[in-house]
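Single-structure report; data block below.
The values are calculated or read from the model by the stated rules, or taken from the named source; none is laboratory data. Bear in mind that the values here come from a model prediction, so they are computed numbers and not experimental data. All Cβ positions, glycine included, derive from the backbone under ideal geometry; neighbour counts span all protein chains shown.
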Amino acid sequence: MRSQVSRTAQPTQGKEKGTCRVIQYVVNYAEEFDERLEIIADYMEFHGRSEASIARYITEVYDACEAFATYPNRGTPQDDVMPGLKTTHYKGDTILAFVVEEDAEAVWFLGVFYGGQDWQSAFSDRSSNH
């Protein structure tokens, strides 16, 4: 995973509520995530989506990712593709690929895929190096 990210949620301290401690995970984005989101935006523009619609889509994707700060352990495990990898769908046609680092209390979004893109092949090189 790359340590360079373009957008990171602000870390917050756990808050005491009764006897439970609520932990806020830090949400990080791999460079590839941002690059793939730009490619999706270009694709949408090519197919006639308005700039406002594309900007709204990008904002909503990041907002969906930021929601993982409070509940990171969701999604479908994809250990057969890459150990620790999980995916979740956003609005039915977008797949978000991520890993949760429990010790670091962090979520890393590694990729975003639109439509019928072959997301599994994007991780074939990583699985041998992870």
Practice prompt. Pairs only if they're at least six apart or on different chains, beta carbon under 7 angstrom, first in the range 70-91 and surrounded by 11 or more Cβ atoms within 10 Å (Cβ to Cβ), second outside any strand (DSSP E or B) and β-branched (Val, Ile, Thr); list them, first residue then second.
Written response: TYR90/VAL61
Item to complete: Return the total of residues in the range 87-99 being in contact with a helix residue (DSSP H, G or I) (Cβ under 8 Å, 6 or more places away or on another chain) and among the aliphatic types (A, V, I, L, M).
Response: 2
Worksheet, complete the sentence: Counting only residues in the range 57-83 that are in a loop (DSSP other than H, G, I, E, B) and of a type in the set (A, V, I, L, M), the one farthest from VAL100 (Cα to Cα) is identified as VAL81
Practice prompt. Determine whether ALA97 is crowded, with 19+ Cβ neighbours inside 10 Å, within 28 Å of ILE23 (Cα to Cα) and either of a type outside the set (D, E, K, R) or under 12 Å from the mean Cα position of the chain (by Cα) (or both).
Written response: yes
Worksheet item: If you take the residues in the range 41-69 that are under 24 Å from VAL22 (Cβ atoms) and touching a residue at least 12 places away in the same chain (Cβ under 8 Å), which one is surrounded by the fewest Cβ atoms within 10 Å (Cβ to Cβ)?
Response: GLU66
Item to complete: Go through (1) in a helix (DSSP H, G or I); (2) free of Cβ contacts under 8 Å to residues at least 24 places away in the same chain and name the single condition ARG36 misses.
Response: (2)
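Name every residue in the range 113-130 that is at pLDDT 80 or above and either more than 18 Å from ILE39 (Cβ to Cβ) or in contact with a Gly (Cβ under 7 Å, 6 or more places away or on another chain) (or both), in order of residue number.
Result: TRP119, ALA122.
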Practice prompt. Among what's in the range 1-57 and is among the aliphatic types (A, V, I, L, M) and in contact with a Cys (Cβ under 9 Å, 6 or more places away or on another chain), pick the residue that is modelled with the highest pLDDT.
Written response: VAL27
